[in-house]
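S.K.: My questions all concern the structure below.
The values are calculated or read from the model by the stated rules, or taken from the named source; none is laboratory data. On a predicted model such as this, the values are computed, not experimentally measured, just so you know. Cβ placement follows ideal geometry from the backbone for every residue including glycine, while neighbour counts extend to all protein chains displayed.
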């Protein structure tokens, strides 16, 4: 029995304080995932708290035979992120920042501009592509885990990630050519 | 800086995260509050009084019901007295 399974059992038996272990272990990946999907630095921690609270309330329904605890938690975080995005007004193309014509890659400010540009492209990706990309690139999850979180086949995830990478590579190329 | 380097630097930048210090404490407090509320019985004397005094219409309803019950009781007494 893993330490995690033991902790979950303890929580279910009424030892609420043990849940702190779960929070300490997953707070960073969950907050990071939500922040990168919703692109909202202000509310990502509040959404993450909601994720952990929901996980606590539904802990009895977690089935270790069906998925890892981390996958189960990421599924809750995915659903909460989608709900948060639905409430958020979508960004129109006219609101996207225009390319600056004074790029100097050696400059720290220019590097930040590149990051902003990549952020904008990431934000503009179709929601499912963005989620798959974030889970693969920033959370280093396997295709199989992402497929389980998204409820689709591994092939679909591979294709979503490839398309997202191609789009971002195109952006990088554009930035590089403008130099 | 090559484009690959920019990409890796961006990934690293996106992976950095600062979480407020009291994140876990706030969450645990929320959980404890939830547990206290869950364990509180739905109906006890104190809660019924709280419920009644919280809503104007409930209060009026309880007073009306009391008045009607009193009136009916008086009518029964008068009827019993007249029947003798």
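S.K.: Scanning for something loosely packed, with under 14 Cβ neighbours inside 10 Å and not in a helix (DSSP H, G or I), does region B:54-64 turn up at least one residue?
M.R.: Taking every residue of region B:54-64 in turn, at least one turns out to be loosely packed, with under 14 Cβ neighbours inside 10 Å and not in a helix (DSSP H, G or I).
S.K.: Among (1) farther than 18 Å from residue A:39 by Cα; (2) within 14 Å of chain B (Cβ to nearest Cβ); (3) under 14 Å from the mean Cα position of the chain (by Cα), where does residue A:122 come up short?
M.R.: (1)
S.K.: How many residues are at the interface with another protein chain (Cβ under 7 Å from one of its Cβ atoms) and over 13 Å from residue B:18 (Cα atoms) when one looks only at region A:21-35?
M.R.: Number of matching residues: 2.
S.K.: Considering A:69, A:53, which residue is crowded, with 18+ Cβ neighbours inside 10 Å, over 28 Å from residue A:119 (Cβ atoms) and either away from chain B (no Cβ under 14 Å) or free of Cβ contacts under 8 Å to residues at least 12 places away in the same chain (or both)?
M.R.: Every option except A:69 fails the conditions.
S.K.: Still on this structure: Determine which single condition residue B:16 fails, assuming it passes every other condition in (1) modelled with pLDDT of 85 or more; (2) farther than 30 Å from residue A:165 by Cα.
M.R.: (2)
S.K.: Quickly run through region A:1-20 and pick out the residues that are facing chain B (nearest Cβ under 10 Å) and either in a helix (DSSP H, G or I) or in contact with a strand residue (DSSP E or B) (Cβ under 7 Å, 6 or more places away or on another chain) (or both).
M.R.: Within region A:1-20, A:11, A:16, A:17, A:19, A:20 qualify.
S.K.: Which of the residues spanning region B:4-50 are exposed (fewer than 10 other Cβ atoms within 10 Å of the Cβ) and not in a helix (DSSP H, G or I)?
M.R.: Hits for region B:4-50 are B:16, B:18, B:21, B:40, B:41, B:42, B:43.
S.K.: If residue A:112 satisfies all but one of (1) modelled with pLDDT of 95 or more; (2) surrounded by fewer than 20 Cβ atoms within 10 Å (Cβ to Cβ), what's the number of the condition it fails?
M.R.: In the conditions (1) modelled with pLDDT of 95 or more; (2) surrounded by fewer than 20 Cβ atoms within 10 Å (Cβ to Cβ), residue A:112 misses (1) alone.
S.K.: Being within 17 Å of residue B:8 (Cβ to Cβ), more than 17 Å from the chain's Cα centre (by Cα) and at pLDDT 85 or above is the requirement here; does residue A:136 meet it?
M.R.: Answer is no for this residue.
S.K.: Moving on to the next point. Of all residues in region B:26-73, which are within 14 Å of chain A (Cβ to nearest Cβ) and in contact with a helix residue (DSSP H, G or I) (Cβ under 7 Å, 6 or more places away or on another chain)?
M.R.: B:26, B:27, B:28, B:30, B:31, B:32, B:35, listed by residue number.
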